[in-house]
Amino acid sequence: MAGGNHSSGTEFVLLGFTDLQELLFGIFLLMYITTLVGNLGMIVLIRTNSQFHVPMYFFLSHLSFLDICCSSSIVPKLLSGLLAERNVISFNGCITQFFFFAVFGTTEAILLAVMAYDRYVAIHEPLHYLVAMPCEVCVQLVVGSYAAGSLNALVHTSGLLRLSFCGPNLINHFYCEMPALLLLSCSDTRLNKVVMVTCVGFIITTSVLTIVVSYTCILLTIWSIRSAQGRHKAFSTCTSHLMAVALFYGSAAFFYFHPFSRRTEDQGKTASIFYTMVTPMLNPFIYSLRNKEVRSTLRRAMNKVFSCVYSHRSRSNQTKAGITCHGGVSRRNKADT
């Protein structure tokens, strides 16, 4: 393979999965479709219902958008590779894929911390929630999350662009991720590894710390609530977020903090599947199935859809019956004539 860190002729081969490719294609395609339908449904539901125009659902709509983007930056290439004999990706395509996935993945990690703070404000100041979290503050928090994610991705992408790739071009993974690319470089990658661990460690540490502090304050606030029903209602609004946090941070921490020398290739791929496909697919179900407002709105929406379909079929049947009756009358009139 031609050397040079900016050569447009450089390409990589994504080894991905070598066994049961047809079966995996069907499974991953079903997961991707479920991710798109579930998250798009959440976005439409939140944007079209005025009762969801509050900070909590504003952040949730952006979480759904990020889940769609994270999966879309990885899964289409994975699916095409499962059907191809050689899953080849150019150097520019590989760097582009890594950049966008890093942007959306980092932004989601920060947004989960923002959502934890939002839950604290909602439970600690329920009567002044909308005053404490006005629209301007929510927009600033979301924009800040995207800006931090873009900056982190730009730092790592710039580090990759300074490297030379003159050795084997086989990436034993199903997408272009940092550790796999560093193994292929013939340059000194110690600085890249230090920057990666530092940036990822800082982002995860600060985000997790924000989540832990927020939920510690939430628990203290819930403990001060006298009624058991009130405590249950306050804590039930947090369980969905905690489940999403556990899925996302658990798989990401295993992948990036597990030592390179001790992590097997299958372990890395399994962890990657969790935060690239499983977590984005499950998030809309986690938030919808454990949220009474979302469930009731979904039921009303489904009832409207079924009512429209039923009424449309009824009108169609009546129209057909009318045409048949009119045709019968016309034929009788002609016969009488």
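The values are calculated or read from the model by the stated rules, or taken from the named source; none is laboratory data. From a predicted model like this one, the values you see are computed outputs, not experimental measurements. Every residue, glycine as well, gets a Cβ built from its backbone with ideal geometry; the counts of neighbours run over all protein chains shown. Surface accessibility is based on the protein's heavy atoms, side chains included, excluding ligands, DNA and RNA. Shrake-Rupley method; radii C 1.70, N 1.55, O 1.52, S 1.80 Å.
Observations on the model:
- Coupling constants for segment 192-209 follow from the phi torsions by the Karplus curve (6.51 cos²θ - 1.76 cosθ + 1.60, θ = phi - 60°), and in residue order they are 4, 5, 5, 5, 4, 5, 5, 5, 5, x, 5, 5, 5, 5, 5, 5, 5, 4 Hz; glycine and proline get x.
- Rounded to the nearest 10 square angstrom, Met178 shows an accessible area of 10 square angstrom against a 1.4 Å probe.
- Ordering of 241-247, 134-140 by burial proxy (mean other Cβ atoms within 10 Å per residue, highest first): 241-247, 134-140
- Segment Asn49-Ser90, extension gain: residue separation times 0.36 nm, minus the distance between their alpha carbons: 10.4 nm
- All-pairs Cα distance distribution in segment 69-115, expressed in whole percent, bin size 10 Å: 25, 44, 21, 9, 1
- Label point distance in nm, Phe285-Arg226, each placed 7 Å from Cα along Cα→Cβ: 4.2 nm
- Sparsely packed loop sites in segment 1-102 (the trypsin sites (Lys or Arg not before Pro) outside DSSP H, G, I, E and B with at most 16 other Cβ atoms within 10 Å) comprise Arg86.
- Label-point separation in nm, Thr239 to Ser164, each point 7 Å along Cα→Cβ: 5.8 nm
- The Cα atoms of segment 114-213 define a convex hull whose projected area, averaged across directions, is 8.1 nm².
- Taking only the Cα atoms of segment 11-303, the ratio Rg/Rh comes out at 1.00, with Rh defined as the Kirkwood radius.
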